[in-house]
Each structure stands twice: as structure tokens, then as C-alpha cells.
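Chemist: I'd like to ask you about the structure that follows.
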Amino acid sequence: MKRANKILVIDDDKTVIATLAAVLRAAGYEVVTAVDPIQGFMAARREKPEVIVLDLMMPAGGGMQLLGKLSSGKAPVVVMTSLTDPKVEAEVTAAGAAGFLKKPVDPQSLKEIIADLLPTP
């Protein structure tokens with residue numbers, strides 16, 4: 001039996017984590033979560049997810065710094081943010097993000113972007 005693709009969700013808002021995890025689990029993914037950048041970095045190294053979903057605005061180092069560390073890894077990083085500045089998407093893409101989502105995240109958009117980033121079997 002094929003193992004489910006593993007998705008790491010990093011966000012300091014536990015409600016967002018619970019919502020995204022439920023959506024992704026319902027879509028058949030294995031979900032691992034972290035509530036701050038330090039936990040997120042450690043989980044990415046330990047769990048080796050296929051895709052990482054990262055909130056940009058977090059305390060303890062912030063999502064942008066973590067993006068820089070994670071974007072050099074194998075897993076593509078999808079950044080999500082509630083920031084409305086149109087330059088943010090260009091900045092995170094330049095920093096290595098493979099995808100960008102506005103908060104509140106549309107579940108269908110989340111599933112589509114993750115499916116597009118996963119390697120085809």
C-alpha cells in the first residue's frame with residue numbers, strides 16, 4: 001500500500017492549523033504540524049515532508065527567516081499570509097517559495113497548489 005504524502009503545516013494560530021489539517025487529512029494527506037518557526041524547522045528536518053505550508057507572520061524568528069532556511073531543502077514551501085501588500089508575493093517567491101496563498105486560505109486552492117507541487121507517481 002502506498003504511503004500518503006506528508007504535509008507539514010507551520011502556523012502560530014492553532015485554529016488555522018486545525019482547519020488546514022482537517023482539510024488536508026480529508027484529502028488523503030498525512031499532516032504534521034508546528035506552532036512556531038523553531039518547531040517548524042525541527043519538524044521539517046525530522047519528518048521530511050513532501051510539501052510545507054508556512055505562515056509568514058509568526059513570532060520567534062518569523063516566517064520569512066524560516067522560509068530562507070526551508071527553501072534550500074527538498075520540500076517545496078507554500079507561504080500563506082493575511083498581509084495585503086502586493087509586493088509580499090514577489091518577495092516570498094524571490095526568497096524561494098513555491099506557492100503563495102492569501103489568508104483566510106481557500107481549501108480548494110490549498111489542495112490544488114499542493115497537488116501541483118507533488119511529484120507525479
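The values are calculated or read from the model by the stated rules, or taken from the named source; none is laboratory data. Keep in mind that this is a model prediction, so the values were computed, not measured. Note: ideal-geometry Cβ built from the backbone for every residue, glycine included; neighbour counts use all protein chains shown.
Chemist: I need the full set of residues from region 58-76 which are touching a Leu at 6+ places or on another chain (Cβ under 9 Å) and free of Cβ contacts under 8 Å to residues at least 40 places away in the same chain, in order please.
Modeler: Scanning region 58-76 gives 62, 64, 67, 70.
Chemist: Name every residue in region 56-76 that is among the aliphatic types (A, V, I, L, M), within 12 Å of the chain's Cα centre (by Cα) and either surrounded by fewer than 18 Cβ atoms within 10 Å (Cβ to Cβ) or under 22 Å from residue 111 (Cβ atoms) (or both), in order of residue number.
Modeler: 56, 67, 70, 75
Chemist: What's the number of the only condition in (1) modelled with pLDDT of 95 or more; (2) not in a loop (DSSP other than H, G, I, E, B) that residue 49 fails to meet?
Modeler: Against the list (1) modelled with pLDDT of 95 or more; (2) not in a loop (DSSP other than H, G, I, E, B), residue 49 comes up short only on (2).
Chemist: Identify the residue in region 2-26 that is assigned to a loop (DSSP other than H, G, I, E, B) and crowded, with 17+ Cβ neighbours inside 10 Å and, among all such residues, is nearest to the chain's Cα centre (by Cα). I'd like the intermediate steps shown before the answer.
Modeler: From region 2-26, those assigned to a loop (DSSP other than H, G, I, E, B) are 2-5, 11-13; that's our starting set.
Still in the list and also crowded, with 17+ Cβ neighbours inside 10 Å: 5, 11-12.
On the way: 5: 14, 11: 8, 12: 12 Å.
The qualifying residue nearest to the chain's Cα centre (by Cα) is 11.
Chemist: Also, quick follow-up: Can you tell me which condition residue 79 does not meet? The list is (1) assigned to a helix (DSSP H, G or I); (2) surrounded by 14 or more Cβ atoms within 10 Å (Cβ to Cβ); (3) free of Cβ contacts under 8 Å to residues at least 40 places away in the same chain, and all the others hold.
Modeler: Condition not satisfied by residue 79: (1).
Chemist: Given 93, 33, which one is assigned to a strand (DSSP E or B) and hydroxyl-bearing (Ser, Thr, Tyr)? Talk me through it step by step, then tell me what you get.
Modeler: Values: 93 fails: assigned to a strand (DSSP E or B).
So the residue among 93, 33 that is assigned to a strand (DSSP E or B) and hydroxyl-bearing (Ser, Thr, Tyr) is 33.
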